[in-house]
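One structure below.
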Amino acid sequence: MLTTTDAKARGLADLPPVINDSLLALITLCDADPRPDKIDVGVGVFRDGAGNTPILEVIKAAEQRLLDTQKSKSYLGSAGDKRFAQLLRPILLGEHAGDERILGVQTPGGCGALRLGFELLATVNPKARVFLGTPTWPNHPPIIRAVDLEAVEYPYYERGQAAVRFEDMLEAIRSGEPGDVTLLHGCCHNPTGADLDEEQWRRVRDVVVERGLIPLVDIAYQGFGRGLEEDAYGVHLMLESCDEVIVAQSCDKNFSVYRDRVGSLWIKSGSRETSEKAMGHVFQRAREMWSMPPDHGAAAVHIVLEDPELRERWLVELAGMRDRINAVRQRIAGADPRLAFIGRQFGMFSMLPLSKEQVLRLREDDAIYMADSGRFNVVGMGDGQIDRFIAAVVGAMDS
Ligand SMILES: Cc1ncc(COP(=O)(O)O)c(C=O)c1O
């Protein structure tokens, strides 16, 4: 039997292997495939018609300005770039931007915002349960586990109908107790593309208010669905109706700065003083984990949003990305009635009606890479690959 001392003497060699995030494993598999016409729709980044993920022109311009004018890289502190958060405020909060009970802070991407938001919730109430619709983005459950909160999963999506299992969702969150948390995708649901419509958001809001739940809205794709304002409908509704709301936001997609890690966390409470106190805890957690967020990407976004001309050009580039997403959706939807649902969904992801075996066959026979679940990125491929993709998927559905 091991004594306590023996246990302490254990080394790194005693670690169990980690089960890799399946999406990261898929990237490795696809990279290793030598076939020149391979299609990678497993990846979670926007690609243009040529199949590239270019740096936005406005970000290039902002980076040039940064290079020319930045005088210091001295520390900024745990809050990062405060002006960045101020500039983002009206875009994310809309008519609530003037509400001084809402405070925002820069974070390392949407992931950093989620982690900090859940750290705060776990500090407030270690017994809080987190209601989580499945399927969801695969990083949600590990982040909730990392802060030792209990996740209560409920089925969010009916694949056969390509629809939200809305009544099941309501029933699940109705069982929540005051102080429990409901994690909601703000827009462009990952992985299903099936968003709540406005009526559904209002009904969710009613249950959240009735049960005294805290909504945590994860909004990583604002502007990729219907538009900046429309995509924030759920965020605005929760801010309008609830005293306590957490919002985890990402600029990584809508500014195409993925690896620069740009995001923000927003807290609303019943009073300015409480929000400030909560932010104090957030800064403390941030200090323990990464001390302060990386500056470069947020500094570039700051420049874009501060400059009226760059800001206008960003809106045009963002609309271009959104238009491509929606155009590719319509093209796939029009190819076969079984794919028509793709035209009614939003954002980069949808789930194809394929079994795991069919997905694996597409990988082997056609060099088409998507998640085992059939989740695919509608803009993971260039324009020249779409017809081959559709033909292979229709073939797989027929087989
Ligand atoms: C639903 C959802 N939330 C949050 C994120 C986090 O984005 P990032 O940390 O890259 O900003 C992602 C990224 O894929 C996502 O899909």
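Mind checking which of 292, 349, 46 is farthest towards the positive end of the chain's charge dipole, using Cβ charges of +1 (Lys, Arg) and -1 (Asp, Glu) about the Cα centre?
Of the candidates, 292 comes out farthest on the positive side.
Determine one quarter of the surface area of the Cα convex hull of the stretch 45-105, which equals its mean projected area, and express it in nm² to one decimal.
6.7
Under the classification rounded if a/c is under 1.5, otherwise prolate if a/b is larger than b/c and oblate if not, where does the stretch 6-76 fall, given a ≥ b ≥ c as square roots of the Cα gyration tensor eigenvalues?
Judged from the Cα gyration tensor, the stretch 6-76 comes out oblate (a/c at least 1.5, b/c at or above a/b).
Mind checking which of 380, 227, 113 is farthest towards the positive end of the chain's charge dipole, using Cβ charges of +1 (Lys, Arg) and -1 (Asp, Glu) about the Cα centre?
With unit charges placed on the Cβ atoms, the residue in question is 113.
For the chain, what is the charge dipole size about the Cα centre, in debye to the nearest 20, if Lys and Arg each add +1 at the Cβ and Asp and Glu each add -1 at the Cβ?
I would put it at about 620 debye.
Restricting to DSSP loop positions (anything but H, G, I, E, B) with no more than 10 other Cβ atoms inside 10 Å of their own Cβ, which chymotrypsin sites (Phe, Trp or Tyr not before Pro) remain in the stretch 1-92?
Of the chymotrypsin sites (Phe, Trp or Tyr not before Pro), the ones in loops of the stretch 1-92 whose Cβ has at most 10 other Cβ atoms within 10 Å are 75.
Sequence-distant or interchain residues sharing an amide H contact under 5 Å with residue 184, placed H: which?
Counting only residues 5 or more places away or on other chains, the set is 216, 217, 218.
Taking the Cβ of residue 220 as the center, what net charge do the other residues with Cβ under 10 Å away carry, scoring Lys and Arg +1 and Asp and Glu -1?
Once positives and negatives cancel, what remains is -1.
Please report, for the Cα atoms of the stretch 1-130, the Rg to one decimal and the Dmax as a whole number; what are they, in angstrom?
Over the stretch 1-130's Cα set, Rg and Dmax evaluate to 22.6, 64 Å.
Considering only the stretch 209-301, what is the antiparallel percent among its DSSP beta bridges, to the nearest 5?
Beta bridges within the stretch 209-301, antiparallel portion: roughly 60 percent.
To the nearest 10 square angstrom, what accessible area does residue 199 show with a 1.4 Å probe?
100
Identify which of 12, 66, 339 has the largest mean-square fluctuation in a Gaussian network model of the chain, with springs joining Cα atoms closer than 10 Å.
Fluctuation is largest for 12.
What's the FRET efficiency of residue 97 with residue 13 using the Cβ-Cβ distance as r and R₀ = 56 Å, to the nearest 0.05?
FRET efficiency, residue 97 to residue 13: 0.55.
At 222 nm, what helix-only mean residue ellipticity would the chain give, in deg cm²/dmol to the nearest 500, using -39500 (n - 2.57) for each DSSP H run of four or more?
Per the formula, -14000 deg cm²/dmol.
Would you work out which of 152, 216, 77 lies farthest towards the positive end of the dipole of the chain? Charges go on Cβ: Lys and Arg +1, Asp and Glu -1.
The listed residue farthest towards the positive side: 77.
Pop out the ³J(HN,Hα) list for the stretch 182-190 in order, Karplus 6.51 cos²θ - 1.76 cosθ + 1.60 with θ = phi - 60°, rounded to Hz; leave Gly and Pro as x.
10, 8, 10, 7, x, 6, 6, 3, 10
For the stretch 61-114, give the magnitude of the charge dipole about the Cα centre (Cβ charges: +1 Lys/Arg, -1 Asp/Glu; no others), in debye to the nearest 20.
The calculated dipole for the stretch 61-114 is roughly 200 debye.
Given bins 5 angstrom wide, list per bin the percent of all Cα-Cα distances in the stretch 218-370, short to long.
2, 8, 12, 14, 16, 15, 13, 9, 7, 4, 1, 0, 0
Full-extension gain between residue 259 and residue 146, please, as 0.36 nm times their residue separation minus the C-alpha to C-alpha distance.
38.4 nm
By accessible area of protein heavy atoms, probe 1.4 Å, what ranking do 71, 253 get, highest first?
Ranking 71, 253 by accessible area, largest first, yields 71, 253.
Once every Cα of the stretch 171-243 carries one equal point scatterer and solvent is ignored, give the base-10 log of I(q)/I(0) from the Debye formula at q = 0.17, 0.19, 0.22, 0.27 Å⁻¹, two decimals.
Calculated log10 I(q)/I(0) at the listed q: -0.59, -0.73, -0.95, -1.30.
Got a sec to turn the phi values of the stretch 36-44 into Karplus ³J(HN,Hα) couplings, 6.51 cos²θ - 1.76 cosθ + 1.60 with θ = phi - 60°, whole Hz, x for Gly and Pro?
Once θ is set to phi - 60°, the couplings for the stretch 36-44 become x, 9, 4, 10, 10, 9, x, 4, x Hz.
What figure, in Å² to the nearest 10, do you get for the accessible area of residue 356 with a 1.4 Å probe and non-protein molecules left out?
Surface accessible to solvent at residue 356 totals approximately 110 Å².
About the Cα centre of the stretch 281-362, how large is the charge dipole given +1 on each Lys and Arg Cβ and -1 on each Asp and Glu Cβ? Please answer in debye to the nearest 20.
About 580 debye.
May I ask you to derive the FRET efficiency for residue 338 and residue 311 from their Cβ-Cβ distance with R0 = 51 Å, giving the value to the nearest 0.05?
Result of the calculation: an efficiency of 0.80.
What is the distance in Å between the Cα centroid of the stretch 356-379 and that of the stretch 126-172?
So the separation of the two Cα centres works out to 24 Å.
Could you give the alpha-carbon Rg of the stretch 236-298 over 2.2 N^0.38 Å, rounded to two decimals?
1.29
Once fully extended, how much extra length lies between residue 25 and residue 210, figured as 0.36 nm per residue of separation less the alpha-carbon to alpha-carbon distance?
Stretched fully, the residue 25-residue 210 segment lengthens by 62.4 nm.
Cα convex hull of the chain: how many Å³ per residue?
It is 179 Å³ per residue.
What does the convex hull of the alpha-carbon atoms of the stretch 109-149 project to on average, in nm²?
Convex hull of Cα atoms, orientation-averaged projection: 2.7 nm².
Quick one: what are the phi-derived ³J(HN,Hα) couplings along the stretch 336-347, Karplus 6.51/-1.76/1.60 with θ = phi - 60°, whole Hz, x for glycine and proline?
Those phi angles translate into 7, x, 6, 9, 4, 4, 4, x, 9, 9, 10, x Hz.
I want the local charge near residue 102. Using Cβ-Cβ distances under 12 Å, sum +1 for each Lys or Arg and -1 for each Asp or Glu among the other residues.
Here the charged neighbours net out to -3.
Mind listing the long-range amide H neighbours of residue 263? Cut-off is under 5 Å, sequence gap 5 or more, other chains count too, H placed in the peptide plane at 1.01 Å from N.
107, 109, 251
The values are calculated or read from the model by the stated rules, or taken from the named source; none is laboratory data. A quick note: this is a predicted structure, and the numbers were derived from the prediction, not measured. Every residue, glycine among them, receives a Cβ derived from its backbone with ideal geometry; neighbour counts consider all protein chains shown. Just the protein is used for accessible areas: all its heavy atoms, side chains included, with ligands, DNA and RNA removed. Shrake-Rupley method; radii C 1.70, N 1.55, O 1.52, S 1.80 Å.
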